[in-house]
1. Can you pull out the residues in the stretch 11-52 that are over 15 Å from the mean Cα position of the chain (by Cα), closer than 25 Å to Gln75 by Cα and open to solvent by less than 80 Å² (accessible area, probe 1.4 Å)?
2. Within the stretch 87-113, track down each residue that is within 17 Å of Ala41 (Cβ to Cβ) and in contact with a strand residue (DSSP E or B) (Cβ under 7 Å, 6 or more places away or on another chain).
3. Just to be sure before I move on: is Met10 at pLDDT 90 or above, part of a helix (DSSP H, G or I) and either touching a helix residue (DSSP H, G or I) at 6+ places or on another chain (Cβ under 9 Å) or farther than 30 Å from Lys105 by Cβ (or both) in the structure I sent?
4. Return a yes/no flag: does the stretch 70-84 have any residue that is within 13 Å of the chain's Cα centre (by Cα) and among the β-branched types (Val, Ile, Thr).
5. Report yes if Asp98 is in contact (Cβ under 8 Å) with a residue 40 or more places away in the chain and of a type in the set (Asp, Glu), otherwise no.
6. I'm trying to understand the selection: among the residues of the stretch 53-79, which are over 16 Å from Met99 (Cα atoms) and either open to solvent by less than 70 Å² (accessible area, probe 1.4 Å) or assigned to a helix (DSSP H, G or I) (or both)?
7. For residues that are hydrophobic (A, V, I, L, M, F, W, C) and closer than 11 Å to Thr51 by Cβ, scanning just the stretch 80-109, find the one that is surrounded by the fewest Cβ atoms within 10 Å (Cβ to Cβ).
8. Does Met49 qualify as being modelled with pLDDT of 90 or more and farther than 21 Å from Ile106 by Cβ?
Amino acid sequence: MKKGFTLIEMVSVLILMAILALLILPSVQKQIIKGKNKMLASQVENISMATQTWLSDNVLYEPNDGDTITIMLSQLKQDNYIKRDIKNPLTGDMFPNDMLIETTKINGILEYNVLLETGTDYSIYDEDTPSI
């Protein structure tokens, strides 16, 4: 008598594995996307904190309500508030150096807004001062 698996046993195991993969794959993909979104939120928070530190070191006056101060990511890198290039976990591309970060004072509170949709991959502006 030969030892081994029959063709029916092999096919049934393969079908069972395929069914399990179909059930598990969507939840794994959801967790991967959720992790990438959390990583993006963390990176945006780090950029906001670097902007806050940059503003406290470089802006000589307290902005009035409604005032907006806009700086570029390259300014934070140039002044060593951000030490390296940052990759967007959703796209896999580096955040462009000319991506804008806005700080607006609303009702006495500074709000930081990292504008992910701004910037290009092909040009870096040479502005040394933020615009107000």
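1. Residue satisfying the conditions is Thr51 alone.
2. Listed by number, the residues that qualify are Lys87, Met99, Ile101, Glu111, Tyr112, Asn113.
3. Here the answer is yes, as Met10 does meet what is asked.
4. Among the residues of the stretch 70-84, not one is within 13 Å of the chain's Cα centre (by Cα) and among the β-branched types (Val, Ile, Thr), which makes the answer no.
5. Against the criterion (in contact (Cβ under 8 Å) with a residue 40 or more places away in the chain and of a type in the set (Asp, Glu)), Asp98 does not qualify.
6. Step one: of the stretch 53-79, the residues over 16 Å from Met99 (Cα atoms) are 53, 55-67.
Within the stretch 53-79, Thr53, Leu55, Ser56, Asp57, Asn58, Val59, Pro63, Gly66, Asp67 qualify.
7. Once the filter is applied, the top-ranked residue is Leu100.
8. The answer is no for Met49.
The values are calculated or read from the model by the stated rules, or taken from the named source; none is laboratory data. Bear in mind the structure is a predicted one, so any value in this text is a computation, not a measurement. Cβ sites come from the backbone with ideal geometry, for glycine too, and all protein chains shown count toward neighbours. The protein model used for the area step is the full one, side chains on, heavy atoms only, and it has no ligands, DNA or RNA in it. Shrake-Rupley method; radii C 1.70, N 1.55, O 1.52, S 1.80 Å.
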